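Below is one structure, written out as structure tokens, with a few remarks after it.
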Amino acid sequence: MSILEAIVIAIVEGLTEFLPISSTGHMIIASTILGIHKEEFTKLFEVAIQLGAILAVVVLYWKKFFAPNRTGVDRWQFYIKLGIGVLPALILGFIFSDNIDAMLESPTTVAVTMLVGGIVLLFIDTLFNKPEVHQDEQISYGKAFITGLWQTIAMIPGVSRSAASIIGGMQQKFTRNLAAEFSFFLAVPTMFAATAYSLFLKNWGSPGVMRKGYEIIVESKENTVAFIVGNVTAFIIAMLAIRFFIQYLKKYGFKVFGWYRIIAGIILLILLFTGYIKR
């Protein structure tokens, strides 16, 4: 992977990670177009640069995570809710890790889920228009867990972790803004766990030549530089994307993201069936 390719994929990650349009789906499309989607380092890189995106959430919402004005009880309740919310993703992600990896190579899966997810987003503002939960302090442990269950749907590439958890939050009667923000908060432990697993626990390669993710990153200067540049780029772009998303959401809702997904899904299907993108 060249530095330019790393920057392109990192920009895609930063732009799409917290929007309900699927960062994984877009990175698969981008790496497919670049012709590097089959490379082992590419698959690792697409997970590892989530570190930069995670840091963007922590920096933007540092008062939520480390609020000096919150009591110790309130702060720990916030952490416990995130822990409960991430449990389904940790368990199912570990069980179905190999199946998820196989789907990560499928642009067809991305195209179909982009299309279906877009249709759902067109109606979400109408379906869940009577919110009762306005602040994260009002989120119960049960609601956090159910929102986390919704998030696991995003293990299918193209679904969008952000979209799944936002829909889950709104189904639990969160306001539109709170659902989006709780999705950001939930992303931190979820993505950190996925990245840590990929770097330190998961075995990459073929039998007899198995390596940990961090070993692949440090085995060459090119990989190390790509990893660093990718995370810095993803951090900067994610900061901008989060700010834009929250401001846009307050005024306009999800419909434009639904139409974007539908159009992108149709275009991708056409490119796949005409052979411009290999399946």
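The values are calculated or read from the model by the stated rules, or taken from the named source; none is laboratory data. No experiment lies behind these values; they were computed from the predicted model shown. Here the Cβ is made from the backbone with ideal geometry for all residues, glycine too, and neighbour counts use every protein chain on show. Please note that ligands, DNA and RNA were not included when accessible areas were found on the heavy atoms of the full protein model with its side chains. Shrake-Rupley method; radii C 1.70, N 1.55, O 1.52, S 1.80 Å.
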- Query: Just checking, which of T233, T175, T195 is polar (S, T, N, Q) and modelled with pLDDT of 95 or more?
  - Reply: T233
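Conditions (1) touching a residue at least 60 places away in the same chain (Cβ under 8 Å); (2) over 11 Å from the mean Cα position of the chain (by Cα); (3) open to solvent by 40 Å² or more (accessible area, probe 1.4 Å), marked per residue:
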site	(1), (2), (3)
F145	yes, yes, yes
W150	no, yes, yes
P157	yes, no, no
S162	yes, no, no
M170	no, yes, no
F174	no, yes, no
A179	no, yes, no
- Query: Looking at (1) buried (at least 16 other Cβ atoms within 10 Å of the Cβ); (2) at pLDDT 90 or above; (3) more than 30 Å from T126 (Cα to Cα); (4) not hydroxyl-bearing (S, T, Y), which is the only condition I242 fails?
  - Reply: (3)
- Would you please name the residue that is farthest from A179 (Cα to Cα), looking only at residues in segment 245-279 that are open to solvent by less than 20 Å² (accessible area, probe 1.4 Å) and among the small types (G, A, S)? G265
